[in-house]
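Taking it in order: structure first as C-alpha cells, then the write-up.
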Amino acid sequence: MKPQIARVIEHNRSTAMEWPAYSSHRETVMRLLLEAAGNSVGMSLCLVGAGNCNDVDLVRLSDRFGEIHLVDLDESAMRRAAARQLGGNREAQSNIVIHGAVDVAGVLEALARPVDPVELATIATEARPHVGDAPFDVVASLCVVTQIIDSVVATLGTSDPAINGAVTAVRNRHLAILGELAKPEGRVVFVTDFVSADTAPDILEPGANRVDLMKRHIADRNFITGTNPVAIEQVCRGEPAVPLDVESFVTPWIWDLGKRSYLAYALVLRPRPRTD
Ligand SMILES: C[S@@+](CC[C@H](N)C(=O)[O-])C[C@H]1O[C@@H](n2cnc3c(N)ncnc32)[C@H](O)[C@@H]1O
C-alpha cells in the first residue's frame, strides 16, 4: 500500500471512536448540509472525505436526502461508520452509496514515485477523479483538503520553493472538482480546519471573536497551508479553472477532536457556468 494511503487509514483507525468529541462540530456541519438542501426532500448528497463519518449524522441526513454518497480513500472506515450509525436501519442503509478507494485529488499515484513539485502541479491540474453517480445536488468537502495538502508536503518536503505552486494547484483543483461533482444549480459546502490550537491557543479563549482571530492569524501567516479563506475567495473570483461563486462565509467554530482542537470554517459555493 502507498505510504500516503497507509497514513490516512491509520489516522482514521485511531480516531474512529471520536464520535462524542465531534458533537459540536457535527452539529455545525449538519446545519450547513441541511441548509444547503433548502426545503427540498430526496435530493442527492455527496460527502467527500467521509471517512469515519464522525462529523455527520447519517440517520438525520437520510431523513432529508434520498441518496447519500460517501467518498473517501478509506473504504473500510466508511463501512464501519455506516454500520455503527445505521445498525439494522434498512431504510437509511438503502440511501447510502459507498465510493471507496477514490483519490479525490488524483495525485497519490504520482506521489508514490519520484516526482518534483512542478510536475505534481501539472498532474493535480489534470486530475479527473471518478465518482460514479455524479453530479449531485449538494457536495461537501469534509476537512479533506488539509489531509491532501499534508500528503503532498509530507512527501515532497518544503525545501523546493516550487512546493507552494504544487500546494496551490492541488487546493485549487480540489475546489474545481467539488464544483464539477455538483449539479449546475447545486451547492458546494467546503469545510476545512484552518489553524490548530497548538499554534494558536487564543482560539480557545472564551468569548473570543473568531472572525477577528482568523484575520489576525492570516496577517501573521499562522494557518494551515492552503486554507486562507481570503485567498480561496480570490481564486473563486479570478481563476477561470475554479468556476465557483462564494455564496457565504460561515463564521469559524471550534472543532474539538479531544486530543487536539482546530479553528474550522466553511464556505458555501455555487458552481458558475464555465465560459471556456
Ligand atoms: C479529517 S478526515 C475528515 C473527517 C471525517 N469526515 C470524519 O468524520 O471522521 C479526512 C478524510 O479524508 C480522507 N482523505 C485524505 N486524503 C484523501 C484523498 N486524496 N482522497 C480521498 N479521501 C482522502 C481520509 O481518509 C479521511 O477520512
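Please treat every number below as a calculation from the coordinates, not as lab data. Predicted model, so just to flag it, every value in this text is computed and none were measured. Every residue, glycine as well, gets a Cβ built from its backbone with ideal geometry; the counts of neighbours run over all protein chains shown.
At full extension, residue 2 and residue 63 could sit 18.2 nm farther apart than now, given 0.36 nm per residue minus the alpha carbon distance. Estimated purely from DSSP H runs of n ≥ 4, each contributing -39500 (n - 2.57), the mean residue ellipticity at 222 nm for the chain is -12500 deg cm²/dmol once divided by its residues.
In vacuo Debye scattering of region 3-271, one point per C-alpha: log10 I(q)/I(0) at q = 0.09, 0.12, 0.13, 0.16 Å⁻¹? Treating every Cα as an identical point scatterer, log10 I(q)/I(0) equals -0.38, -0.70, -0.84, -1.33. Put simply, the amide H of residue 247, placed in the peptide plane, has neighbours under 5 Å in 268, 269, 270, leaving out anything fewer than 5 places away on its chain. I need the shape label for region 166-276. Rule: rounded when a/c is under 1.5, else prolate if a/b > b/c, else oblate, with a, b, c from the alpha carbon gyration tensor. Here region 166-276 falls in the prolate category.
Residue 77 sits among other residues whose Cβ lies under 14 Å from its own Cβ, and their net charge, with Lys and Arg +1 and Asp and Glu -1, is -1.
The charge dipole of region 3-271, taken about the Cα centre with unit charges on the Cβ atoms of Lys, Arg (+1) and Asp, Glu (-1), comes to about 300 debye, rounded to the nearest 20.
Counting Lys and Arg as +1 and Asp and Glu as -1 over every other residue whose Cβ lies under 14 Å from the Cβ of residue 35, the net charge comes to +2. Between residue 257 and residue 13, the distance separating the two model label sites (each 7 Å from Cα on the Cα→Cβ line) works out to 1.7 nm. Membrane-span-like helices in the chain (whole DSSP H runs, Cα extent of at least 24 Å along the helix axis, mean Kyte-Doolittle hydropathy of at least -1.0): 163-181. For region 1-149, the equivalent ellipsoid derived from the Cα gyration tensor has semi-axes of 28, 18, 14 Å, listed largest first.
What's the center-to-center distance, using Cα atoms, between region 167-239 and region 91-134 in Å? Taking the Cα centre of each part, region 167-239 and region 91-134 sit 21 Å apart.
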